[in-house]
1. Of all residues in the range 62-76, which are assigned to a helix (DSSP H, G or I), of a type outside the set (Val, Ile, Thr) and more than 16 Å from the ligand (Cβ to nearest atom)?
2. Report those strands (runs of 3 or more DSSP E) wholly inside the range 82-180 carrying at least 2 residues which are more than 27 Å from MET281 (Cα to Cα).
3. I'd like to know if the range 7-14 contains one or more residues that are surrounded by 20 or more Cβ atoms within 10 Å (Cβ to Cβ) and either outside any helix (DSSP H, G or I) or free of Cβ contacts under 8 Å to residues at least 24 places away in the same chain (or both).
4. Return the pair list, or none, for Cβ contacts closer than 9 Å from residues in the range 107-118 that are under 25 Å from ALA299 (Cα atoms) and at pLDDT 95 or above to residues that are assigned to a loop (DSSP other than H, G, I, E, B) and of a type in the set (A, V, I, L, M), at least 6 apart or on different chains.
5. Search the range 33-89 for residues being of a type in the set (S, T, N, Q) and touching a helix residue (DSSP H, G or I) at 6+ places or on another chain (Cβ under 8 Å), and hand back the single one that is surrounded by the fewest Cβ atoms within 10 Å (Cβ to Cβ).
6. What single numbered condition from (1) within 16 Å of the ligand (Cβ to nearest atom); (2) of a type in the set (A, V, I, L, M, F, W, C); (3) part of a loop (DSSP other than H, G, I, E, B) fails to hold for ALA190?
7. So, of the residues in the range 17-32 that are more than 9 Å from the ligand (Cβ to nearest atom) and part of a loop (DSSP other than H, G, I, E, B), which turns out to be surrounded by the fewest Cβ atoms within 10 Å (Cβ to Cβ)?
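The values are calculated or read from the model by the stated rules, or taken from the named source; none is laboratory data. Computed from a predicted model, the values in this text were never measured in an experiment. Backbone-built Cβ (ideal geometry, glycine too); neighbour counts: all protein chains shown.
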Amino acid sequence: MEACNNYYYATRDPLGRDGDFTTAPEISQMFGELVGAALAECWTRAERPADAIYVELGPGRGSLAADALRVLRGAGFAGGARFVETSPVLRALQAERVPNAHWHDAVEDLPAAPLLLVANEFFDALPIHQFVSGIERRVEVIGDGLAFDRDGEIVEQSPAREQAVSAIATCLVQCGGVALVIDYGHERSAPGDTLQAVRGHRYVPTLIDAGEQDLTSHVDFEALGRAASEAGAKVTTVVTQGDWLNRLGIGARAASLATANPERISELEKAVDRLCHEEQMGQLFKVMAIHSPDWPAPAGFEA
Ligand code: SAH
């Protein structure tokens, strides 16, 4: 999974209509703006530390960063932007959107500073292991194809995801800050096979065309939360993307954009629907925040 995704992302821009999948920041500017507003509000209540930095994990085309930073700059945030990104193709696109950014290969390489961090559809791409009756399920080469070596009830684990969360949480505890994790997944750990491959906006079999399709699995937010807590950070409840965006005021933002741009009304309505409706991204996608014990919890997670 790791080798496939490294190759996949290093060799293309997979996003958008002509690519394999479309993400929330590519659907509408409102997504990144509300992320920026949530981070700005939290930073303001933490007394606006001047050494804080904006950090994004796997920023894709840089759209979320550009939209979030526009709002953060408006709130007086003057800190730098740091991206954890391995793909040279996507780094080049990110440089067009956020010209003064700095790049890192891994979370562990981030500087010691208060973090305003966001990861949208980043963790789903990090590799998992699958176990059947406690034995790791492996992929075998059979003839010209690939096949799993065993079937049965599957339990998934992702040391790579937990390690990345642990590194972020340690940074938050030492230097302050807040991290927003947004992804498809489940609030509680549960058995089940969630490995999936997507190509050209369709689900396809996972073991064909290795490295030519997006290979991900659902994110186990309970496991991420546990890793963050064990590192000493505070973790909020997990909320659905629909509830979170509504609480942050996507309705008001859409209305104000519609007033200023009446020709965009139908596009804005469609975007709110795609992002928030329970049959679209609203329910499957979840949001969780991790924050320093010295920082307030960000808005949008109240019971
Ligand atoms: N956040 C963006 C893109 C999501 S696609 C959006 O919402 O549109 C996943 C992103 O994570 C891509 O930018 C990909 O290159 C990056 N990525 C995948 N695996 C990575 C890894 N191991 N280390 C750093 N970046 C990675």
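1. ARG70, LEU72, ARG73, GLY74
2. In the range 82-180, 102-104, 129-132, 139-142, 145-148 are the strands (runs of 3 or more DSSP E) which contain 2 or more residues that are more than 27 Å from MET281 (Cα to Cα).
3. Within the range 7-14, one or more residues are surrounded by 20 or more Cβ atoms within 10 Å (Cβ to Cβ) and either outside any helix (DSSP H, G or I) or free of Cβ contacts under 8 Å to residues at least 24 places away in the same chain (or both).
4. Note: pairs meeting the criteria are ALA113/ALA52; PRO114/ALA46; PRO114/ALA52; LEU115/ALA52; LEU116/ALA52; LEU117/LEU110.
5. Here the residue is THR86.
6. (1)
7. ARG17
Each row is one residue, and each column tells you yes or no for (1) among the hydrophobic types (A, V, I, L, M, F, W, C); (2) crowded, with 22+ Cβ neighbours inside 10 Å; (3) closer than 22 Å to ARG161 by Cβ; (4) without any contact (Cβ under 8 Å) to a residue 24 or more places away in the chain.
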{"residue": "GLU96", "(1), (2), (3), (4)": "no, no, no, no"}
{"residue": "HIS104", "(1), (2), (3), (4)": "no, no, yes, yes"}
{"residue": "GLU121", "(1), (2), (3), (4)": "no, yes, yes, no"}
{"residue": "GLU140", "(1), (2), (3), (4)": "no, no, no, yes"}
